[in-house]
Structure formats: C-alpha cells, structure tokens
Amino acid sequence: MTHLPPAEYYATLPRHIGGAGAILHDEHGRILLVEPAYGDGHWEIPGGAMDDGEYPWDTARREVREELGLDLNPGRLLVVDWVPPQTDGRPALANYLFDGGPVTETHAHRDIRLAAGELTAWHLATPAEWDTLMAPHMARRLHACAKALADHTTAYLHHGLVPGHG
C-alpha cells in the first residue's frame, strides 16, 4: 500500500460546502424570511455560505450582520441539514441553522437594513406561508426548525427530511 503525503491524500477526498443561518422568530410562530435579489424567486432564511475555515456559528452571525444589519449572537443549534449534490453541479451541502432569537415587527422595521443588491424584502411569515414562499426542501427545513424551537431539541435532516421518515 502506498502512503500519500497528507496534502495529496486530502485532495482525493470528496468535496462538500457548508452554509449557516439564523432563525429569527416572534411569539406568534412566524419566522423572518428574506427575498433574494437573485435566484429562482423563492424566499430564504437569512444566512449563506461558510468562508474557508469559518465555524458555522460565526457564519450565521456574519451573514445576519451582512444581510440584515443586525449584530446578534446566535443561540443553540436547531437543525443540521445534509443536502446531496445537485444536478446543476453544486456539491453536497451541510447547512447549520441556529436560533436567532425573538424579533418583533416593531424591532424589525426599526433595525433591519437589507443588504443592497442582495435582498429586496423581508417578511415575518406564518407556517402556512412557508410552503408557498420557499423551495420545498427549504420549507421542510423551516418546519423542522420550528419544531426544534418548540421542543427544545435539535434535528438532523437529509434534504429537509428526518432520515427514515420521508
């Protein structure tokens, strides 16, 4: 058996990307969604891609600051969602979602400053709206986040589904 130097060995391993976001929510079960200025027309959770070597918690904090102008310390991990490689060439994705804490309509209107050129709107969406505003796997992910918030648990998902349950 030939032993490869570490750098050569690591180059043979599969690649995947990471992302993180924050779930900002109100007392009525609504969750703050953002409308990207790009993409397929679906709304999303505030968050984005992890920088090289960045911790997921730091990514969530940075992305909320960049996208919404809010400086918050994310709370506990709610969901980890593993999304397989996609046909458009995107590699597999590990997505981490943290509790972004409570938000009120007043707080949001006063303090949120959307990233120019990246986001066009924000909305405190009800659970009934998630399935129409978001891509199906994202809506499933958000329902799992809401359940984790309510149950004080953390969920592990495969493309928005609990493994073995869908």
- request: Would you mind computing, in nm to one decimal, how far apart the modelled labels at TYR55 and ARG110 are, each placed 7 Å from Cα along Cα→Cβ?
  value: 3.0 nm
- request: May I ask for the angle, rounded to the nearest 10°, between helix 56-68 and the longest principal axis of the chain, with both axes built from Cα atoms and the value confined to 0 to 90°?
  value: 40 degrees
Segment 7-71: trypsin sites (Lys or Arg not before Pro) in DSSP loop, at most 14 other beta carbons within 10 Å: ARG15
- request: Return one number: the angle in degrees, 0 to 90 and rounded to the nearest 10, between the long axis of the Cα atoms of helix 136-151 and the longest principal axis of the Cα atoms of the chain.
  value: 70 degrees
message: Given contacts defined as C-alpha pairs under 8 Å and at least six residues apart, what's the relative contact order of the chain, whole-number percent?
response: 28 percent
- prompt: Taking 0.36 nm per intervening residue step and subtracting the Cα-Cα distance, what contour gain separates GLN86 from ALA135 on full extension?
  reply: 16.2 nm
field: Lys, Arg +1 and Asp, Glu -1 on Cβ, resulting dipole of the chain about Cα centre, debye, nearest 20
entry: 320 debye
Prolate/oblate/rounded label for segment 15-158 (Cα gyration tensor, a/c 1.5): rounded
- request: Return the whole-Å distance between the Cα centroid of segment 12-73 and the Cα centroid of segment 86-132.
  value: 7 Å
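All of the numbers you see were taken from the coordinates with simple rules; none came from a lab. Predicted, not measured: the structure shown is a model, and the values here were computed from it. Neighbour counts are summed over all protein chains in view; Cβ atoms, including those assigned to glycine, are modelled from backbone coordinates with ideal geometry.
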